[in-house]
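In what follows, a single structure is set out as structure tokens and then discussed.
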Amino acid sequence: MLSKRIIPCLDVAHGRVVKGVQFVDIIDAGDPVEAAIKYDQQGADELTFLDIRASHESRDTLYHMVTEVAEHVFMPLTVGGGVKALSDIENLLHAGADKVSINTAAIFTPELVKEAAERFGSSTIVVAVDAKSVDDHWECFTHGGRKPTGINAVEWAKRMSDYGAGEILLTSMDADGTKNGYDIPLTRAVSDAISANVVASGGVGSLEHLAEGLKEGHADAVLAASIFHFGTYTIAEAKGYLASQGIPVRQA
Amino acid sequence: MIGLVNYGMGNLHSVAKALEKAGGDVELVSDAESLKNYDRIVLPGVGAFRDCIGALKESGMDAAIKAEIAAGKPFLGICLGMQVLMDQSLEFGRHKGLGLIPGIVTHFPEDHAARGFKIPHMGWNDVIFSSEKPQHPVLSPLAGKQVYYVHSYCCMPENPDHLLAACSYGNYPFAAAVGRDNIVAVQFHPEKSQSAGLALMEAFLQWNP
């Protein structure tokens with residue numbers, strides 16, 4: 001049976017892992033390669049790296065970091081942050097990424113997702129959707145959660161899935177950093193609307209939250225950062241708990 | 001020395017690193033003429049079938065791969081590198097494969113997503129062996145383990161003897177591994193399957209069919 005995936009997320013800036021609360025108050029959380037090796041040993045199912053300070057100057061740093069991580073761990077790596085063109089995707093794949101996450105550029109150039117999926121395969125293309133509750137619906141935000149777009153997040157995820165994105169990395173900006181759990185209605189609304197995989201993100205403070213995201217949010221994978229970085233729980237403890245809740249997980 | 005076929009697509013870097021980690025000496029091979037200089041051949045693959053077979057034909061690598069397989073060299077195909085061994089694929093139209101294993105590559109059934117089984121099939125899933133035949137020596141380290149799959153198209157060989165291991169997604173069985181003689185090919189990604197995948201690669205390096 002297909003296992004539900006547990007994905008530690010490493011926000012990186014200038015080659016270091018960092019952690020923010022609701023996209024601000026950034027603090028240092030360590031070396032990316034060391035963190036990747038630690039999660040590999042704990043049995044993580046994948047790793048996601050998001051370059052939150054993506055800028056032209058930091059691209060080479062990011063490529064080197066991905067290459068170094070890929071030399072040490074043999075599991076799927078998703079990398080995102082500042083991806084604007086097919087050449088960015090190609091460079092990240094060449095550096096050792098398996099999947100590339102597109103966020104802001106997809107909003108401005110939706111066709112990029114279609115072209116990327118046709119060229120590199122759906123399985124390679126992730127669209128990151130940063131959603132925030134606005135009135136009676138959820139809206140997409142860009143630029144690390146700073147700019148509203150007026151785009152309905154569920155409809156957007158559907159369009160991106162139809163364009164060939166194999167996975168939606170769905171972050172609730174209301175929940176992110178709160179440790180109060182995923183935005184379950186948002187996660188479920190997106191997951192039930194699309195054929196692509198959904199990775200739930202934002203708000204995990206306990207192992208129960210991971211189970212909720214999978215069972216009630218209908219997510220295919222759950223992503224978390226601080227509960228793993230700061231040693232609150234290991235991946236193995238998370239999997240043990242999910243297994244006890246009847247959720248299929250891979251025991252490494 | 002392992003020849004890793006480079007046809008301008010695929011995740012060569014990951015496959016090369018994993019083979020090295022498993023103890024192999026690896027070189028990328030772009031020139032079809034030089035494929036004969038290698039003891040073992042690995043064909044990786046990520047992307048679309050038509051692009052893959054097109055690139056192999058353009059470089060003459062299709063004929064070179066067939067020749068080296070006919071010469072008895074151990075061959076490992078990975079993901080799309082497995083699918084191109086089949087007769088044909090229905091991905092973006094109908095395209096002929098290398099025809100080394102009879103069978104057709106098809107999309108998962110249309111109703112999969114509607115039934116809650118997301119496409120691509122992405123994540124860690126089983127490697128199921130038949131209880132009626134011995135486990136293939138390259139695959140036996142995977143007994144009881146899960147491996148990493150990511151694909152929207154899959155296949156089932158026409159000849160049951162060519163099915164080395166199976167997987168099932170949404171009650172739909174498909175080939176996890178196919179092979180015959182000196183060919184072994186897997187739908188999943190051993191280079192992304194942590195210790196289980198590295199164990200497969202070690203077994204491939206020691207395999208003398």
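Quick notes
- Looking across segment B:1-25 at every residue that is of a type in the set (A, V, I, L, M, F, W, C) and within 22 Å of A:L77 (Cα to Cα), the one that is farthest from the other protein chains (Cβ to nearest Cβ) is identified as B:L4.
- Candidate set: segment A:1-37, residues that are closer than 14 Å to A:A224 by Cβ and not in a strand (DSSP E or B); chosen: the one modelled with the highest pLDDT: A:K4
- All conditions but one from (1) buried (at least 21 other Cβ atoms within 10 Å of the Cβ); (2) modelled with pLDDT of 95 or more; (3) aliphatic (A, V, I, L, M) apply to A:A225; the one that does not is (2).
- Flag if A:K84 is open to solvent by less than 10 Å² (accessible area, probe 1.4 Å), out of contact with any Gly (no Cβ under 6 Å at 6 or more places or on another chain) and charged (D, E, K, R): no
- The lone exception for B:A185 - which of (1) out of contact with any helix residue (DSSP H, G or I) (no Cβ under 7 Å at 6 or more places or on another chain); (2) within 25 Å of A:A117 (Cβ to Cβ); (3) hydrophobic (A, V, I, L, M, F, W, C); (4) touching a residue at least 40 places away in the same chain (Cβ under 8 Å) it fails: (1)
Per-residue answers, yes or no, for (1) touching a residue at least 40 places away in the same chain (Cβ under 8 Å); (2) open to solvent by 30 Å² or more (accessible area, probe 1.4 Å):
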position	(1), (2)
B:Q88	no, yes
B:G97	yes, no
B:Q135	no, yes
B:C167	yes, no
B:A176	yes, no
B:D181	yes, yes
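- Among residues of segment A:175-213 being in contact with a Leu (Cβ under 7 Å, 6 or more places away or on another chain) and in contact (Cβ under 8 Å) with a residue 60 or more places away in the chain, the one that is surrounded by the most Cβ atoms within 10 Å (Cβ to Cβ) is A:S201.
- Residue list for segment B:107-125, filter: more than 7 Å from chain A (Cβ to nearest Cβ), open to solvent by 10 Å² or more (accessible area, probe 1.4 Å) and not basic (K, R): B:H107, B:P109, B:E110, B:D111, B:A114, B:G116, B:F117
- Residues of segment B:199-209 classified as out of contact with any helix residue (DSSP H, G or I) (no Cβ under 6 Å at 6 or more places or on another chain) and either without any contact (Cβ under 8 Å) to a residue 12 or more places away in the chain or open to solvent by 10 Å² or more (accessible area, probe 1.4 Å) (or both), total: 6
- The residues of segment A:183-215 that are part of a loop (DSSP other than H, G, I, E, B) and among the aliphatic types (A, V, I, L, M), listed by number, are A:I194, A:A196, A:V204.
- Failed condition for B:L100, given (1) under 19 Å from B:P44 (Cβ atoms); (2) at the interface with chain A (Cβ under 9 Å from one of its Cβ atoms); (3) of a type in the set (A, V, I, L, M, F, W, C): (2)
- Matching residues, segment B:145-180, being within 14 Å of chain A (Cβ to nearest Cβ) and out of contact with any strand residue (DSSP E or B) (no Cβ under 9 Å at 6 or more places or on another chain): B:N171
- Within the option set A:A105, A:A117, being without any contact (Cβ under 8 Å) to a residue 24 or more places away in the chain and open to solvent by less than 20 Å² (accessible area, probe 1.4 Å) holds for one residue only, A:A105.
- Filter result for B:S34 (more than 18 Å from the chain's Cα centre (by Cα), surrounded by 14 or more Cβ atoms within 10 Å (Cβ to Cβ) and more than 13 Å from chain A (Cβ to nearest Cβ)): no
- Considered as a group, the residues in segment A:230-252 that are part of a helix (DSSP H, G or I) and more than 14 Å from chain B (Cβ to nearest Cβ) include one that is least open to solvent (accessible area, probe 1.4 Å), and that residue is A:A238.
- Annotation note: of B:A16, B:A63, B:A67, the sole residue that is surrounded by fewer than 23 Cβ atoms within 10 Å (Cβ to Cβ), among the small types (G, A, S) and under 17 Å from the mean Cα position of the chain (by Cα) is B:A16.
The values are calculated or read from the model by the stated rules, or taken from the named source; none is laboratory data. Keep in mind that what you see is a predicted model, and the values were worked out from it rather than measured. Backbone-built Cβ (ideal geometry, glycine too); neighbour counts: all protein chains shown. Remember, those area values only see protein heavy atoms, side chains included, never the ligands or the DNA or RNA. Shrake-Rupley method; radii C 1.70, N 1.55, O 1.52, S 1.80 Å.
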